[in-house]
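Q: Input: one structure, supplied below.
Since every read-out is calculated from the coordinates, none of them should be taken as a lab result. Since the model is a prediction, treat every value here as computed from it, not as a measurement. Using ideal geometry, Cβ is built from the backbone for each residue, glycine included, and neighbour counts are taken over all protein chains shown.
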Amino acid sequence: MSSTNWQDLTDSDLLKACVPNNEEAFAALYQRYEKRVFQYLMTIMNEATLAEETLVEVMLAIWKSLQTFQGQSKVSTWIFGIAHHKAVDALRKITSQQRGGTPLDDIVETAESGHNPLEDAQQNRMAALTNQAITTLSPDHREILHMAFYEELSYPEIAELLHIPVNTVKTRVYYAKQQLKKNLQHQGVTKEIM
């Protein structure tokens, strides 16, 4: 199979193609998930360098455990589960509480309409205000919002990934949205975003 066909495969088929240590297939899987996993790590870690280092560890762990994937969950859930564990491990190793950076810089994407510069400016402002409001949330709330709204994982998938009950997921999403709404109101945004 040539590299031009990798993009046509489902996640599951691409993962299966990686199993016999197919570096070309794994490169395609890496490319498919690199940005999403990095953005997810940023929601947890709040520091680009640490997220980049952890991304490498995540992908290495995926490569080493390709044959352990049993297909009981979606490939994305399995990958984000590995990312979650690697992020928690990395944060445990950090002794300093001082972490900088701006999380979710690239997550809220603005629509590319090109029709109305005023609309574009308003969308860009809203994206910037939303990013700023998200940075003030707790790591748990940033993570849960990222999984639910940016990765579009279901509550049961999030519960499985985080090893918490579905009702806890619902509660965290509710409180994260309430806090985000409150943060946006403090910035003068009254429009409902979620």
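Q: If the limit is 19 Å between Cα atoms, which of 35/170; 16/74; 35/182; 86/177 go over it?
A: In this structure, 35/170; 35/182; 86/177 lie more than 19 Å apart at Cα.
Q: How far apart, in nanometres, would the label points at residue 89 and residue 149 be if each is projected 7 angstrom from Cα along the Cα-to-Cβ direction?
A: 3.1
Q: Let me ask you something else. Pull out the extension gain between residue 31 and residue 131, defined as 0.36 nm times the separation in residues minus the alpha carbon to alpha carbon distance; nm, one decimal.
A: Gain in length upon complete extension: 33.5 nm.
Q: Counting every Cα pair in region 117-186, what percent are over 13 Å apart?
A: Result: 66 percent of Cα pairs exceed 13 Å.
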